[in-house]
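Inspection log for the structure reproduced underneath, given as structure tokens.
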Amino acid sequence: MTEQLKGLLITTAGALLIVPDSLFVRLIDADALTIAFWRALLVGGLITLGVLVLQGARPFRALMGTGIYGLLYVVIMGVSTNLFIIAVDLTSVANVVFIIAAMPVFAAIYSRIFLAEPISRRMVITMAAVFLGLGIIAYGSGNNENTSYLGDFVALMVAALFAAALTVARKVRNVSMVPGVGLAYLLSAAVLLAMTDPFAVAPDKWHFVPLHSGIIVLSAVCLALGPRYITSAEVALLILLESVLAPLLVWAVVGEHPGHYALAGGAVVVGALAVSNTVALMRRKRA
């Protein structure tokens, strides 16, 4: 098996494993903050334990050595993971995943402001198309009983915050941020413990809780390993699978219709990003 094929298979597995994330939020019969607590506690605990077992405390010392950047990463990631659950609770899954798919646009803006990286003409065109798609989704939120402007705004905050975390990680790219992910989730769980009743889950829904956390951990591992073997453009294309498949899965299982405006706006967002990443990939291969 070639390195390229290995990377494609691992990254595809990671993208597919994260697809049911939103569905589990619908299936677990509990308050959004309760779901967020268990998701944060189990995922954070498993990632932190895995790092300690495989590499010891060294990665955590390296993270602490980054100073303010490591702290910013942990806090931003911790907030964004909780906001994701709240967004899914407030609006449709389709709106959430399509809006979060716009994250590369925020990443490009942050990189220009904080890392002095230029924004290419390709990215400017992509950004214009993405904002058009987001406008269509927002317009449709007033015509669909499953959606809300507040939920859309929270999803937009998730995209903006996650892009900020990625920008921070690029600032100290010589240090692995995997320990920071585990700490971010555990920090979120500690905050949520004081805000919700962790055991307020329907008795017949408890089995979904470890399944939900398990798929996120497996996805995180695959998405951390896959990019070692393939380009960032290829990774970005494969991750778009979640944006396409997650609303369809929720629609099929629980009957949550995405809405015509969400489908149209999502098609514009995902299509623009897919074309942009394909162009970037082709240019990289020619070079």
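Please report the relative contact order for the chain, taking Cα pairs under 8 Å with a sequence separation of at least 6, and give it as a percent rounded to a whole number. Don't skip to the answer; put the middle values down first.
Numbers: 422 pairs, mean separation 120.7, N = 287.
It rounds to 42 percent for the chain.
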### Query
Per-residue ellipticity at 222 nm for the chain, helices alone: DSSP H runs ≥ 4 residues times -39500 (n - 2.57), over residue total, nearest 500 deg cm²/dmol?
-26000 deg cm²/dmol
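Given a cut-off of 36 Å, what percent of all Cα-Cα pairs of the range 3-286 lie beyond it? Numbers along the way, then the final one.
Working: 4592 of 40186 pairs.
It works out to 11 percent of all Cα pairs.
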### Query
Between rounded, prolate and oblate, where does the range 187-233 land on the alpha carbon gyration tensor, with a ≥ b ≥ c its root eigenvalues, rounded for a/c under 1.5, else prolate if a/b exceeds b/c?
oblate
### Query
Using θ = phi - 60° and the Karplus curve 6.51 cos²θ - 1.76 cosθ + 1.60, what whole-Hz ³J(HN,Hα) does each residue of the range 216-221 get, with Gly and Pro shown as x?
5, 5, 4, 5, 4, 5
### Task
Measure out, as a whole number of angstrom, how far apart the alpha-carbon centroids of the range 235-274 and the range 154-232 sit.
21 Å
### Query
Projected onto the charge dipole of the range 2-122 (+1 at Lys/Arg Cβ, -1 at Asp/Glu Cβ, origin at the Cα centre), which of L90, A107, S80 gives the Cα projection farthest towards the positive end?
A107
### Task
Order by neighbour count: V97, V172, V154, fewest other Cβ atoms within 10 Å first, most last.
V172, V154, V97
## Note on the structure
Descending packing, highest mean Cβ count within 10 Å first, for 20-32, 58-70, 192-204, 74-86 is 74-86, 20-32, 58-70, 192-204
### Query
What is the extension gain from L245 to I119, computed as 0.36 nm multiplied by their sequence separation minus the C-alpha to C-alpha distance, in nm to one decimal?
42.4 nm
### Task
Please compute the Cα-Cα pair-distance distribution of the range 121-238 with 5 Å bins starting at 0, giving whole percents from short to long.
2, 7, 9, 16, 18, 17, 16, 10, 4, 1, 0
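Based only on other Cβ atoms within 10 Å, what is the fewest-to-most ordering of E256, E3? Intermediate values should be presented prior to the final figure.
Details: E256 18, E3 10.
Placing the least packed residue first, the sequence is E3, E256.
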### Burial ordering of S176, S92, S219, fewest other beta-carbon atoms within 10 Å first
S176, S219, S92
### Relative packing of peptides 180-187, 137-144 - highest average C-beta neighbours within 10 Å first
180-187, 137-144
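Laboratory data are not the source of any read-out in this text; all were calculated from the coordinates shown. Because the structure is predicted, anything quoted here is derived from the model rather than measured. With ideal geometry, Cβ positions are generated from the backbone for all residues, glycine too; neighbour counts draw on all protein chains shown.
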